[in-house]
Amino acid sequence: MTESMQIVCLANSRKLSGRCIAGRVWAIDEKAGCWVRLVSARENQEVSEYERQYEDGSDPRILDIIEVPVLRPQPEGHQTENWLLDPDYYWEKVGVYSPLDLPALVDPVEPLWVDGCSTYHGRNDRIPLEGTGKTPSSLRLIAVEEVIVEVFAPGEAFGNSKRRVQGQFVHAGQNYAFWVTDPLYERRFLAKLDGTYRIGECHLTISLGEPYRNAIFKLIAAIIEPDWH
């Protein structure tokens, strides 16, 4: 049976051929509720353009307050926040959340799940599958003083010239370096030359992806600067 929920959109990130849409429940008393990740019935659960569009055909943006038709909770492993969307209905934009109010949505300041395991180019970005029992959630909103953005081709030494965008930051006294899957910021920085760039104080939505190569990976699903509009 279809029901509706309202969420503040805090991620509209790249995922295979679609997107990963997530946010916090927006209650009648204008207080943030639990995290929700909207998923489809496809094998990899990505949300297509058709499934996530408003009636005018436009795409949800970060900080939109969205009314979404959902069918049921569909938790899977560490992604306990998943809800199955109903693809037969349009989504509705009912408002816009002010970036000035983001501190009210920030999660407690603590390490990002399990630290101590890194990929070759990352830092504390990988959690072996045997460690996922310590990850009863998969989404966080954090505030950081600075993000150092690196644009480079990680596989260039092996003949792969495809460039990627990585974000490096400090949180809860720990250093992190994750791949960016926020499509707006990916496009913004891929349009630049390879190099190092800086973003000042901002908020980051951090997501744990699905299992891949015997691990799950931490990703920057959204970058939200104070002047976001």
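Things to note:
- Exposure ranking of TYR90, TYR176 by accessible area [1.4 Å probe, largest first]: TYR90, TYR176
- Cα-Cα separations in the stretch 84-187 greater than 19 Å, expressed as whole percent: 60 percent
- Of (i) 35, 18, 15; (ii) 27, 20, 19; (iii) 46, 17, 15, the label for semi-axes √(5λ) of the Cα gyration tensor in Å derived from the coordinates: (ii)
- When the convex hull of its Cα atoms is projected in every direction, mean area for the stretch 29-68 (nm²): 3.8 nm²
- Among the lysines of the chain, pairs that are 8 or more positions apart or on different chains and have alpha carbons within less than 19 Å of each other number 5.
- Per-selection metrics, the stretch 1-103 (Cα): Rg and Dmax in Å: 12.7, 37
- Full extension of the chain segment joining THR80 with ASP59 gains 5.1 nm, where the gain is 0.36 nm per residue of separation less the Cα-Cα distance.
- Of the listed residues TYR197, TYR185, the order by accessible area with a 1.4 Å probe, largest first, is TYR197, TYR185.
- Average 1/r across all pairs of distinct alpha carbons in the stretch 163-229, invert it, and you get the Kirkwood radius: 13.0 Å.
- Largest accessible area first, the residues GLU67, GLU51 order themselves as GLU67, GLU51 under a 1.4 Å probe with ligands, DNA and RNA left out.
- When DSSP beta bridges are restricted to pairs lying wholly in the chain, around 90% turn out antiparallel.
The values are calculated or read from the model by the stated rules, or taken from the named source; none is laboratory data. Please read all numbers here as calculations on a predicted model, not as lab measurements. Ligands, DNA and RNA are stripped out before the accessible areas are found, and what is left, the full protein with its side chains, is counted by its heavy atoms. Shrake-Rupley method; radii C 1.70, N 1.55, O 1.52, S 1.80 Å.
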